[in-house]
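**Student:** Structure below; questions to follow.
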Amino acid sequence: MTRYPSADSRISAENIRRRKGGVPIVCLTAYTYPVARLLDPHVDLLLVGDSVAMVLHGHATTLGASLEMMIAHGQAVMRGSVKACVVVDMPAGSYEASPELAVASARRIVKETGCQAVKLEGGVDMASRIAAIVAEGMPVMGHIGLQPQSVEKDGGYKIKGRTQDNIAALLSDAEAVEEAGAFSVVIEGTMEAVAAKLTRHISIPTIGIGASADCDGQILVIDDMVGMTVDRVPKFVKEYANLRSAIADAAARYAAEVRGRAFPGPDHVFKTASGKDKT
Ligand code: KIV
């Protein structure tokens, strides 16, 4: 059985809940072992987002994520981190049908990955799923505002909170998620002033993405943040590096050296029969 770095050394969901109104909570998505290792010293929370289906597997939407996919990436991130609170997304289809299905899927994720919490999308409509999972002792992070699992139903990625009715619905969603027992809630793709209002309105930390600097924390998709995203980058993303050009440049130089027989060079081949070459 795989052993993951001890839960005692990690930031817990309860630690995150207590940080309402304090120093902003730093969150990023992570899907793989090496990236989790690189991010772990710098963040409070790593989300194994169902965005993995788009970012690493090339699906058009997050609906391409499966429970097996989330568990495999959750295990890799748990192996690569020692300190961060690791939250794994519940994929579409794994929780909506009933509270019983939600509990069974969450139990599989928590048991097979050892993660600290799960996340699911929805407000008033999914509050009973959150409450059922929390009642079984598994912490839940909510996700309201723009919900990527609903983009096909919503007719695209639409910013929320532009109308009074929509603002009222968001307030009800935020209250429902809090009352259901979530330890924090992601607010995605929402008008800045509305995200700030939601943050003041509820007592659990809000984690913003395309929301407001007034949220209790921020999250970005790691590939967007390091400039690896090859398709359209959303307006709310800030690229802190440009790995796209670094990788394209490295590939071009490698190709030129292979074609010109400059690689492998003397440092990259084994020459001595005695076996004293550096490996
Ligand atoms: O799947 C994901 O990456 C997410 C974040 C964008 C919050 O849900």
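**Student:** Taking the conditions exactly as written (at pLDDT below 95, open to solvent by 10 Å² or more (accessible area, probe 1.4 Å) and not polar (S, T, N, Q)), does K153 satisfy them or not?
**Tutor:** Answer is yes for this residue.
**Student:** Look at the range 20-43 and say how many of its residues are closer than 17 Å to A211 by Cβ and surrounded by 15 or more Cβ atoms within 10 Å (Cβ to Cβ).
**Tutor:** 7
**Student:** When you go through (1) more than 15 Å from the ligand (Cβ to nearest atom); (2) more than 18 Å from A13 (Cβ to Cβ); (3) among the hydrophobic types (A, V, I, L, M, F, W, C); (4) in contact (Cβ under 8 Å) with a residue 24 or more places away in the chain one by one for V230, which number turns out not to apply?
**Tutor:** All conditions pass for V230, except number (4).
**Student:** Check V87, V82, V48 and return the single one that is among the β-branched types (V, I, T) and open to solvent by 10 Å² or more (accessible area, probe 1.4 Å).
**Tutor:** V82
**Student:** Moving on. Would it be correct to say that M138 is open to solvent by 10 Å² or more (accessible area, probe 1.4 Å), within 14 Å of the ligand (Cβ to nearest atom) and more than 23 Å from A169 (Cβ to Cβ)?
**Tutor:** no
**Student:** Could I ask something else about it? Within the range 246-266, identify whether any single residue is of a type in the set (A, V, I, L, M), in a loop (DSSP other than H, G, I, E, B) and under 14 Å from S51 (Cβ atoms), and answer yes or no.
**Tutor:** no
**Student:** Also, I was wondering about something else. Go through (1) assigned to a loop (DSSP other than H, G, I, E, B); (2) more than 16 Å from the ligand (Cβ to nearest atom) one by one and return the number of the condition D8 breaks.
**Tutor:** Exception for D8: condition (1).
**Student:** Can you say whether G217 is in contact with a strand residue (DSSP E or B) (Cβ under 6 Å, 6 or more places away or on another chain), modelled with pLDDT of 95 or more and either within 30 Å of A60 (Cα to Cα) or open to solvent by 60 Å² or more (accessible area, probe 1.4 Å) (or both), as far as the supplied structure shows?
**Tutor:** When the stated conditions are applied, G217 passes them.
**Student:** Now for a separate question. Can you give me the number of residues within the range 143-195 that are of a type in the set (G, A, S), more than 16 Å from the ligand (Cβ to nearest atom) and either touching a Lys or Arg at 6+ places or on another chain (Cβ under 6 Å) or within 15 Å of P205 (Cα to Cα) (or both)?
**Tutor:** Final tally of qualifying residues: 3.
**Student:** Pick from D223, D173, D231: which is more than 12 Å from I144 (Cβ to Cβ) and surrounded by 20 or more Cβ atoms within 10 Å (Cβ to Cβ)?
**Tutor:** From the options D223, D173, D231, the qualifying one is D223.
**Student:** Confirm whether A53 is exposed (fewer than 13 other Cβ atoms within 10 Å of the Cβ) and within 15 Å of the ligand (Cβ to nearest atom).
**Tutor:** no
**Student:** Pairs under 6 Å by beta carbon, first residue closer than 19 Å to R10 by Cα in the range 40-62, partner part of a loop (DSSP other than H, G, I, E, B) and of a type in the set (K, R), six or more apart or different chains?
**Tutor:** Every condition considered, the pairs that remain are D40/K83.
**Student:** Please go through the range 181-201 and give me each residue that is surrounded by fewer than 21 Cβ atoms within 10 Å (Cβ to Cβ) and either farther than 15 Å from G21 by Cα or among the hydrophobic types (A, V, I, L, M, F, W, C) (or both), ordered by number.
**Tutor:** Selection gives G181, M191, E192, A193, A196.
**Student:** Kindly establish whether S274 is more than 29 Å from G156 (Cβ to Cβ) and in a loop (DSSP other than H, G, I, E, B).
**Tutor:** Here the answer is yes, as S274 does meet what is asked.
The values are calculated or read from the model by the stated rules, or taken from the named source; none is laboratory data. Everything numeric here is computed off the predicted structure, so don't read it as measured data. A quick note on method: Cβ atoms are made from the backbone with ideal geometry, for glycine too, and the neighbour counts reach across all protein chains shown. Note: areas computed on protein heavy atoms with side chains; ligands, DNA, RNA excluded. Shrake-Rupley method; radii C 1.70, N 1.55, O 1.52, S 1.80 Å.
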